[in-house]
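Chemist: There's a structure below that I have some questions on.
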Amino acid sequence: MADIRTPVQHDEIPVRVLGGPTALFEYGGLRFLTDPTFDAPRDYDVPGGRLTKTASASAAPDGLGRIDVVLLSHDEHPDNLDASGRALLADVPLTLTTPGGGQRLGAGARGLADWESVDLDRPDGGTVTVTGVPALHGPGTREEVEALTGQVVGFVLTGQDLPTLYISGDNASLDLVREIAERFGPVDTAVLFAGAPRFPQLFGGRLIVLDSAQAAEAAEILGARRVVPVHCDSWAHFTESRDDVVAAFTKAGLADRLDPDAVPV
């Protein structure tokens, strides 16, 4: 892991958490949105069961202003991309997602393989580099997991004179977090998907995304100076809440790394 650098002030990357996996932030003059979910509470029938959304996002798409890039961990599940989110993609110049998602979503979408990067022009000159990083949406080998839950991608954002930002996506593997930390750590801001979702019919009820204790461990592995927890509210299959994240980080002695403003507003 790289040497510890001068701490970056939290307010250099304001992150607006909107509910579920959806967050809005500006980086290098570009405005990014993660996993758009803006439908009202409802049920979704999915293969093998049902997902229930329990709360609306704290903002509507038309109230977000300009969005330059959507960072979509995967397109196959409505708790990461719902009907309203799909409609929003038509108005966004670029959606970065999995290789399969890039093919399914068509114009405006680009898939990133693991460790593949794309450079985006900054409004005032220079570039933002977005690198696709590995993620697994459940326990086991890549082949086992992707056969049941599909491809998932995370993202690392870097740029000259910019702090390093990691977005985990729906990842359940701390081993992959270690690989990412070896290449990019320490990370200035980590947007960690948590919530401990489980389904009895999938992987014997084992975790398909990090739980709160694992999110705290991920933060330590990454050397993250600031953590923004998302994906821990608004859906019935999330078995842990933001309060559980706070308790886990407190127990691990990492409470000061949590962004105190990272709640849906």
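Each reported figure results from applying straightforward, stated rules to the coordinates on display, with no laboratory input. Predicted model, so just to flag it, every value in this text is computed and none were measured. Every residue, glycine among them, receives a Cβ derived from its backbone with ideal geometry; neighbour counts consider all protein chains shown.
Chemist: Quick one: P(r) of region 1-157 from all Cα-Cα pairs, 10 Å bins, percents rounded to integers, in order of increasing distance.
Modeler: 10, 37, 37, 14, 2
Chemist: Separate question: Along the charge dipole of region 10-257, Cβ charges K/R +1 and D/E -1, which of Leu71, Leu254, Phe199 sits furthest on the positive end?
Modeler: Phe199
Chemist: Looking at the chain, I'd like the Rg to Rh ratio, where Rg is from alpha-carbon atoms and Rh is Kirkwood's inverse mean 1/r.
Modeler: 0.93
Chemist: Calculated from DSSP H runs of 4 or more alone, at -39500 (n - 2.57) each and per residue, what is the 222 nm mean residue ellipticity of the chain, nearest 500?
Modeler: Helix contribution divided over all residues of the chain: -6000 deg cm²/dmol.
Chemist: Also: How much of the DSSP bridge set in region 10-257 is antiparallel, in percent, rounded to the nearest 5?
Modeler: Antiparallel: roughly 60 percent of the beta bridges in region 10-257.
Chemist: Mind jotting down a quarter of the surface of the convex hull over the alpha carbons of region 161-265, in square nanometres, one decimal?
Modeler: Approximately 6.9 nm², given one-decimal rounding.
Chemist: Suppose R0 equals 51 Å; then what is the FRET efficiency for Asp243 and Ala83 from their Cβ-Cβ distance, rounded to the nearest 0.05?
Modeler: Approximately 0.95, to the nearest 0.05.
Chemist: Which net charge results for the neighbourhood of Ala57, defined as the other residues with beta-carbon distances under 14 angstrom from its beta-carbon, given Lys and Arg at +1 and Asp and Glu at -1?
Modeler: That sum, taken over residues with Cβ under 14 Å, equals -3.
Chemist: Right, here's the next one. Could you tell me the center-to-center distance, by alpha carbons, between region 62-104 and region 126-178 in angstrom?
Modeler: Comparing the Cα centres of region 62-104 and region 126-178, I get a distance of 16 Å.
Chemist: For a quick protection proxy, order the peptides 98-105, 216-223 by their average other-Cβ count within 10 Å, most packed first.
Modeler: The packing order, highest mean first, is 216-223, 98-105.
Chemist: Can you tell me how much longer the chain between Glu143 and Asp45 gets when fully stretched, taken as 0.36 nm per residue apart minus their C-alpha distance, in nm with one decimal?
Modeler: 32.8 nm
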